[in-house]
1. From the C-alpha coordinates alone, can you work out the Kirkwood hydrodynamic radius of segment 22-83, in Å?
2. Give, as ranges by residue number, the residues of segment 20-42 whose backbone N falls under 20 Å from the point 7 Å along Cα→Cβ of HIS57.
Amino acid sequence: MGHDRRDPYSYCNDNGSQCSETLGHSLLAVGLVAYGSGIVYDIVMAPSAVDAYNASHRVRATIGPAVLTPPSGPVMGVGLGGRF
């Protein structure tokens, strides 16, 4: 019931003196490259994403002169119009 050196899931060679970690290092390298690529993509795309968000959530208001006509006569005022 000892350790079988021919275990198919073992990362060590047959004599057990030297273990290979290249698979782990390769997966780590791929993960780091993917993570770094995601960071660069987010930084590059951030300005256009902010512009698109602001354009879709912008409050568009206009202030302008207005003439009101109550029974006492015309009155100048300020009007506020827009799309909210």
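1. Working: mean 1/r = 0.0589 Å⁻¹.
In segment 22-83 this quantity evaluates to 17.0 Å.
2. 42
Readers should treat all values here as calculations from the given coordinates under stated rules, not as data from a laboratory. These figures come from a predicted structure and were not determined experimentally. Because the Cβ atoms are built from the backbone with ideal geometry, glycine has one as well, and the counts that use them run over all protein chains shown.
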